[in-house]
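Before any comments, here is the structure.
The values are calculated or read from the model by the stated rules, or taken from the named source; none is laboratory data. Since this is a predicted model, take the numbers as computed values, not measurements. No Cβ is skipped: glycine too gets one built from the backbone with ideal geometry, and neighbour counts run over all protein chains shown. The protein model used for the area step is the full one, side chains on, heavy atoms only, and it has no ligands, DNA or RNA in it. Shrake-Rupley method; radii C 1.70, N 1.55, O 1.52, S 1.80 Å.
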Amino acid sequence: QVELVESGGGLVQPGGSLTLSCTASGTIYNIVAMAWYRQAPGKQRELVAQDTHNDKKYTNSVEGRFTISRHYAGKTVYLQMNDLRSEDTAVYFCNADIQTKFLGPTSNYWGQGTQVTVSS
């Protein structure tokens, strides 16, 4: 019943900027945390950034260039990417820890992914 929908991927030149968006919908009681992961061709998936309402954390390779933020009652997460480099090319995935019922457990959900390509 929970769905994460991503948008904003595309082609951008080196040094350029791009903003990704992800919105959670469905039966939601509380979203504990939201995050962005990425997976480049031939490489394992890695955590890029996460937002747990009171804290934001970034992978060292994107620190100072990327910014994660949450809006719309915490159900939407953005990833503002600046000074993009070729090594940032990857499929970016939205991820969230969500409670669907009062006093219920927290479950993890994934979006389908959106392609980001940094090239001249």
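Amide H contacts of ARG85: GLY15, each under 5 Å away and 5 or more positions distant or on a separate chain (H built 1.01 Å from N in the peptide plane; Pro and chain starts excluded). Remark: relative contact order (the chain) = 36 percent; criterion is Cα-Cα distance under 8 angstrom and separation of 6 or more residues. Computed over neighbours whose Cβ is under 15 Å from that of GLY9, the net charge equals -1, Lys and Arg +1, Asp and Glu -1. For the chain, the longest piece that avoids every one of the chymotrypsin sites (Phe, Trp or Tyr not before Pro) found in DSSP loops with at most 14 other C-beta atoms within 10 Å covers 30-71. Computed over protein heavy atoms with a 1.4 Å probe, the carbon and sulfur contribution to the accessible area of the chain reaches 47%. Counting only protein heavy atoms and a 1.4 Å probe, the range 1-99 has 51 square angstrom of accessible area per residue. Residues VAL32, VAL91 ordered from highest to lowest accessible area at a 1.4 Å probe: VAL32, VAL91. Within straight cross-link reach of LYS57, meaning Cα distance under 19 Å, which lysines are found once same-chain residues fewer than 8 apart are removed? The qualifying lysines are LYS75.
Largest first, the residues ASP88, ASP97, ASP83 sort by 1.4 Å accessible area into ASP83, ASP97, ASP88. The order of ARG70, ARG45 by accessible area, most exposed first and with a 1.4 Å probe, is ARG45, ARG70. Our coupling estimate for the range 82-97, obtained by passing each phi through the Karplus curve with A = 6.51, B = -1.76, C = 1.60 and θ = phi - 60°, is 10, 6, 5, 10, 4, 6, 7, 4, 4, 8, 9, 10, 8, 9, 8, 9 Hz, Gly and Pro reported as x.
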